[in-house]
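Each remark here refers to the structure printed beneath this line.
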Amino acid sequence: MKFLLFILAFLAAPVAHFDKTVHDFGTITVADGPQTCCFTLINESGSEVSILAAVASCGCTEVEWTREVIPSGKEGKVTATFANDDGPYPFDKTLTVYLSSSDKPVMLHLKGKVVKKK
């Protein structure tokens, strides 16, 4: 019974998490140019966390991230810039983020719709 309580307490412990996993740019025009958004990693894990890598699903999105170790109680950032230069279409771009605190990557999404004119 004690082991089960330990496991439940461990699973309920705060962890490092993002403030959002989807950023919706809404409807934008090609003339609006590149679009940038930021995802904030909140470290509530009780230990240091690092963003090991952040990889975009295509070459139309550049990604930057906090390279320093993120102490417990602090925040890191993943910033993505969508080029928005390929013409009108709906889009859903994926960012795959690898954290030192998890064996599974976190999937973040940029979505929206590009039109010629508003």
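Give the range 42-75 a look and list any residue that's farther than 16 Å from residue 108 by Cα and of a type in the set (Val, Ile, Thr), or say none.
49, 69, 70
Give the range 48-99 a look and list any residue that's acidic (Asp, Glu) and modelled with pLDDT of 95 or more, or say none.
So in the range 48-99, the residues acidic (Asp, Glu) come out as 48, 62, 64, 68, 75, 85-86, 92.
The answer is 48, 62, 64, 68, 75, 92.
So which of 44, 48 ends up being surrounded by 12 or more Cβ atoms within 10 Å (Cβ to Cβ), in contact with a Gly (Cβ under 9 Å, 6 or more places away or on another chain) and touching a residue at least 24 places away in the same chain (Cβ under 8 Å)? First the steps, then the outcome.
Numbers: 48 fails: in contact with a Gly (Cβ under 9 Å, 6 or more places away or on another chain).
Selected residue: 44, the only one of 44, 48 that is surrounded by 12 or more Cβ atoms within 10 Å (Cβ to Cβ), in contact with a Gly (Cβ under 9 Å, 6 or more places away or on another chain) and touching a residue at least 24 places away in the same chain (Cβ under 8 Å).
I need every pair where a residue in the range 90-103 that is over 18 Å from residue 58 (Cβ atoms) has its Cβ under 7 Å from the Cβ of a residue that is surrounded by 16 or more Cβ atoms within 10 Å (Cβ to Cβ) and aromatic (Phe, Trp, Tyr), sequence separation at least 6 or different chains.
none
Out of the residues in the range 58-94 that are among the hydroxyl-bearing types (Ser, Thr, Tyr) and under 24 Å from residue 42 (Cβ atoms), which is surrounded by the most Cβ atoms within 10 Å (Cβ to Cβ)? I'd like the intermediate steps shown before the answer.
Just the residues of the range 58-94 that are among the hydroxyl-bearing types (Ser, Thr, Tyr), to begin with: 61, 66, 72, 79, 81, 89, 94.
Narrowing the set further to residues that are under 24 Å from residue 42 (Cβ atoms) leaves 61, 66, 72, 79, 81, 94.
Details: 61: 20, 66: 18, 72: 13, 79: 15, 81: 16, 94: 14.
Here the answer is 61.
Criterion first (modelled with pLDDT under 95, over 12 Å from the mean Cα position of the chain (by Cα) and more than 14 Å from residue 15 (Cα to Cα)) does residue 103 satisfy it? Explain how you work it out, then say what you get.
Values: modelled with pLDDT under 95: yes; over 12 Å from the mean Cα position of the chain (by Cα): yes; more than 14 Å from residue 15 (Cα to Cα): no.
Judged against the criteria, residue 103 is not a match.
For the range 78-100, which positions are aliphatic (A, V, I, L, M) and either part of a strand (DSSP E or B) or within 20 Å of residue 20 (Cα to Cα) (or both)? Give the steps one after another, and end with the answer.
Initial filter on the range 78-100 (aliphatic (A, V, I, L, M)): 78, 80, 83, 95, 97, 99.
Passing the criteria: 78, 80, 95, 97, 99.
Restricting to the range 24-77, what's the tally of residues that are within 26 Å of residue 88 (Cα to Cα), hydroxyl-bearing (Ser, Thr, Tyr), within 18 Å of the chain's Cα centre (by Cα) and in a strand (DSSP E or B)?
Looking only at that region, the number is 2.
Condition first: within 20 Å of residue 53 (Cβ to Cβ) and either part of a loop (DSSP other than H, G, I, E, B) or touching a Lys or Arg at 6+ places or on another chain (Cβ under 6 Å) (or both). Now tell me which residues in the range 101-118 satisfy that. Give the derivation first.
Applying the first criterion (within 20 Å of residue 53 (Cβ to Cβ)) to the range 101-118 yields 101-110.
Answer for the range 101-118, where residues must be within 20 Å of residue 53 (Cβ to Cβ) and either part of a loop (DSSP other than H, G, I, E, B) or touching a Lys or Arg at 6+ places or on another chain (Cβ under 6 Å) (or both): 101, 102, 103, 104, 105, 110.
The values are calculated or read from the model by the stated rules, or taken from the named source; none is laboratory data. It should be emphasised that the depicted structure is a prediction, and the values quoted were computed from it without experimental measurement. Reconstructed Cβ throughout: ideal geometry from the backbone, glycine too, with neighbour counts over all protein chains shown.
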